[in-house]
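Data first, discussion second: the structure below is written as structure tokens.
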């Protein structure tokens, strides 16, 4: 039965990826004066309930799996995602009533946060239990498929915008999630009450875990500065069309996914610790480029977002992987803890940039300059995290 279960896990990863970028993909629709007419602060505020609920339920997901089993948690996460997409589609009815539309969309992102917090760690757990001998590659595949979904989200949105009804995108997502729920009903997922409880016994938090927490928070910030604000950058600074805006965002997520697949494929030829150390500096170069570009440089801007995506690519799954290897007594909590930390960084960047822009405290180019500094800090932390891995590999030689 494992083939059917892993198919469901892979499909859910893809759908979760699409849902994750659904709201950022509509950024210029939300901020368009002729549509929702949200300010940058209002747009950024949409992601506050998503971040809060994602963090809370990613931390609770192991306990919920322990008490109820992985399948109910998986189902509840998908249902929350489905409700989110239904609300996103319905928001078009209140488009010209800003307060009503804002309330509907806040509720929609809250359900998306609930779905993400429940689904993402549970998918990693189920996949790892299905193929424990391939845990590293399986985690990379799950996150790569999530990445494929993030790539296609802005493309889907651009297609439906071109057809004249952007809300067709969340309608399509609603149908896909409903079909996946039907497919999953007869499946038997590993990680029932007994299995998960044995993997999540109460133990003290290792001090080194906080190093991974800080890394994941900072990573969440640099990923979100690209993922949530790329469309705004392309519109206001590059003056690009909606199709080119979507292309830039798709390029970021596309290169992020390509990097994850590439580093999974060349794991034996190119050590994971080397990739982990190099990638933050590639992201820093991308941020420097975005911070220094003169207006209307469409091709260089798209290149920079692609470079940023490649720089971010394997950092998240490798953070989980190194955490599993280095904190063996705490391994059951690594995926949820890293995701929660990543989402905390997501919340900081998703909301924090809005007031800075609206009050003219900083421009988006200046915010990207700060992103370069954060990426350099990540490079230093990556060196510390992988020091033992590098020494071990040298000793084997």
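The values are calculated or read from the model by the stated rules, or taken from the named source; none is laboratory data. Bear in mind the structure is a predicted one, so any value in this text is a computation, not a measurement. We place every Cβ from the backbone using ideal geometry, glycine too, and count neighbours over all the protein chains shown.
A few comments on the model shown:
- Yes/no for residue 149 being over 30 Å from residue 384 (Cβ atoms), crowded, with 19+ Cβ neighbours inside 10 Å and at pLDDT below 85: no
- Subset of the stretch 260-271 that is in contact with a helix residue (DSSP H, G or I) (Cβ under 9 Å, 6 or more places away or on another chain) and over 15 Å from residue 138 (Cα atoms) - its residue that is surrounded by the fewest Cβ atoms within 10 Å (Cβ to Cβ): 270
Yes/no matrix, rows are residues, columns are (1) over 28 Å from residue 326 (Cα atoms); (2) not in a helix (DSSP H, G or I):
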site: 211; (1), (2): no, no
site: 217; (1), (2): no, no
site: 220; (1), (2): no, no
site: 223; (1), (2): no, no
site: 233; (1), (2): yes, no
site: 247; (1), (2): yes, no
site: 257; (1), (2): no, no
site: 263; (1), (2): no, no
site: 267; (1), (2): no, yes
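- Spans of helices (runs of 4 or more DSSP H) in the stretch 12-99 with at least 3 residues in contact with a strand residue (DSSP E or B) (Cβ under 6 Å, 6 or more places away or on another chain) and surrounded by fewer than 22 Cβ atoms within 10 Å (Cβ to Cβ): none
- Residue match in the stretch 352-371 (condition: modelled with pLDDT under 95 and under 18 Å from residue 216 (Cβ atoms)): yes
- Evaluation of residue 6 against (1) within 23 Å of residue 141 (Cα to Cα); (2) at pLDDT 90 or above (one fails), failing number: (2)
- Selection count where residues are surrounded by 24 or more Cβ atoms within 10 Å (Cβ to Cβ), modelled with pLDDT of 80 or more and within 22 Å of residue 253 (Cα to Cα), scope the stretch 119-146: 6
- The set of residues in the stretch 367-387 that are touching a helix residue (DSSP H, G or I) at 6+ places or on another chain (Cβ under 7 Å) and farther than 19 Å from residue 314 by Cα comprises 367, 368, 369.
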